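K.L.:
Can you read through this structure? Questions will come right after.
The values are calculated or read from the model by the stated rules, or taken from the named source; none is laboratory data. As the structure is a computational prediction, the values presented were derived from the model and not from experiment. Note that we place each Cβ from the backbone using ideal geometry, even for glycine, and neighbour counts take in every protein chain shown.
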């Protein structure tokens with residue numbers, strides 16, 4: 001991320017002029033911008049202009065500033081779409097008019113915040129100083145369907161091919177076409193210079209069949225990144241080729257061993273430890289804002305798990321509450337993991353209110369706290 005100008009102080013208002021240089025930067029930008037912020041950038045908009053006695057629709061390039069209401073990340077198109085109302089006077093767009101602002105690579109924009117809290121500043125610094133790396137790539141598949149996930153990003157490239165019954169004459173040809181499509185996506189998305197390993201996971205023997213096809217194609221087409229790194233490709237079982245099976249793949253002992261000491265590994269371990277403890281000793285684990293806040297008041301939190309969605313709140317006080325909460329847990333010697341709502345662990349945590357904690361000691365008093 002290029003930071004062209006920063007004009008703010010911690011916990012105060014201000015702005016930063018930024019430019020996303022690659023898809024990782026767009027991901028950081030998505031996590032940086034929230035409701036209540038404002039974004040100024042060059043954009044285009046259809047406007048009506050009078051020509052004689054008629055009005056013609058024309059698309060103009062304009063500079064607008066929108067008060068953010070919603071941020072959507074199109075990971076496939078590499079675009080951030082920011083929906084909000086115009087707050088910059090313009091002869092073609094009235095104040096208060098809704099506009100969808102698109103942020104793309106290499107386009108400068110100005111971000112204003114009412115409060116640059118520690119979370120926003122940390123996100124900005126991570127974007128500036130990051131080293132491009134993903135812990136692993138996962139090819140999750142079953143016959144006719146596959147997705148490639150880069151753990152650490154929100155990339156999920158889906159591949160679909162209709163495959164007839166095994167007894168049908170066109171089965172082998174359809175399966176080969178499917179594998180070729182997956183190889184094409186593999187070459188596009190998987191960079192062995194930034195991933196520790198690649199996991200191919202499926203029910204049955206689909207993973208084994210594809211693995212053989214991948215290595216044969218790599219030899220035939222002289223795809224050196226694959227042939228030189230085939231020892232870094234793991235085959236593991238998954239119950240399906242769909243996204244919901246990604247969690248079980250990440251918890252596989254062989255996978256955990258390959259990504260030990262990485263951010264992904266620590267998050268998966270924390271999430272698994274929470275559910276294990278909740279089943280084994282429910283007084284040593286809790287979830288839900290009120291239960292977790294009660295545990296924090298008792299200085300009992302060892303590990304805090306929280307989704308980034310709780311920080312994307314238009315209510316500044318509510319966002320500040322969670323930012324302060326994370327900082328306070330850390331000051332008391334606890335760990336805090338912020339899970340992306342666009343990743344499988346974050347999705348699962350969101351199903352349990354978006355906030356949970358592992359405790360240092362049992363808290364029987366949790367029973368008396370309303371959820």
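K.L.:
Looking only at region 79-103, which residues are surrounded by 14 or more Cβ atoms within 10 Å (Cβ to Cβ) and within 26 Å of residue 341 (Cα to Cα)?
P.N.:
Scanning region 79-103 gives 79, 80, 81, 82, 83, 84, 85, 99, 101, 102, 103.
K.L.:
Which one is modelled with the lowest pLDDT, of the residues in region 38-73 that are surrounded by 13 or more Cβ atoms within 10 Å (Cβ to Cβ) and touching a helix residue (DSSP H, G or I) at 6+ places or on another chain (Cβ under 9 Å)?
P.N.:
Filtering first and then ranking leaves 73.
K.L.:
Let me ask another. Looking only at region 153-166, decide whether some residue is at pLDDT 70 or above, in a strand (DSSP E or B) and in contact with a strand residue (DSSP E or B) (Cβ under 8 Å, 6 or more places away or on another chain).
P.N.:
Checked against the condition, which is being at pLDDT 70 or above, in a strand (DSSP E or B) and in contact with a strand residue (DSSP E or B) (Cβ under 8 Å, 6 or more places away or on another chain), region 153-166 yields no hits at all.
K.L.:
Please work out which residue is surrounded by the most Cβ atoms within 10 Å (Cβ to Cβ), limiting yourself to region 247-267 and to residues that are touching a residue at least 60 places away in the same chain (Cβ under 8 Å) and farther than 16 Å from residue 196 by Cα.
P.N.:
Step by step, filter region 247-267, then rank; the result is 267.
K.L.:
Let me ask something else about it. Which of the residues that make up region 201-225 are under 28 Å from the mean Cα position of the chain (by Cα) and either touching a residue at least 40 places away in the same chain (Cβ under 8 Å) or surrounded by 15 or more Cβ atoms within 10 Å (Cβ to Cβ) (or both)?
P.N.:
201, 202, 203, 206, 207, 210, 211, 214
K.L.:
Kindly list the number of the only condition in (1) modelled with pLDDT of 95 or more; (2) over 25 Å from residue 189 (Cβ atoms); (3) in contact with a helix residue (DSSP H, G or I) (Cβ under 8 Å, 6 or more places away or on another chain) that fails for residue 302.
P.N.:
Failing condition for residue 302: (3).
K.L.:
Now for a different question. Give the number of residues within region 361-371 that are surrounded by fewer than 17 Cβ atoms within 10 Å (Cβ to Cβ) and in contact with a strand residue (DSSP E or B) (Cβ under 6 Å, 6 or more places away or on another chain).
P.N.:
Final tally of qualifying residues: 0.
K.L.:
For region 53-150, which fully contained strands (runs of 3 or more DSSP E) count at least 1 residues that are over 16 Å from residue 28 (Cα atoms)?
P.N.:
54-74, 79-86, 98-103, 134-142
K.L.:
Continuing with the same structure: Determine whether residue 292 is outside the structural domain of residue 206 (by TED's automatic domain parsing) and under 17 Å from residue 137 (Cβ atoms).
P.N.:
For residue 292, the condition - outside the structural domain of residue 206 (by TED's automatic domain parsing) and under 17 Å from residue 137 (Cβ atoms) - is not met.
K.L.:
Quick one: residue 10 ticks every box in (1) in a strand (DSSP E or B); (2) farther than 30 Å from residue 188 by Cβ except a single one, so which number is it?
P.N.:
(1)
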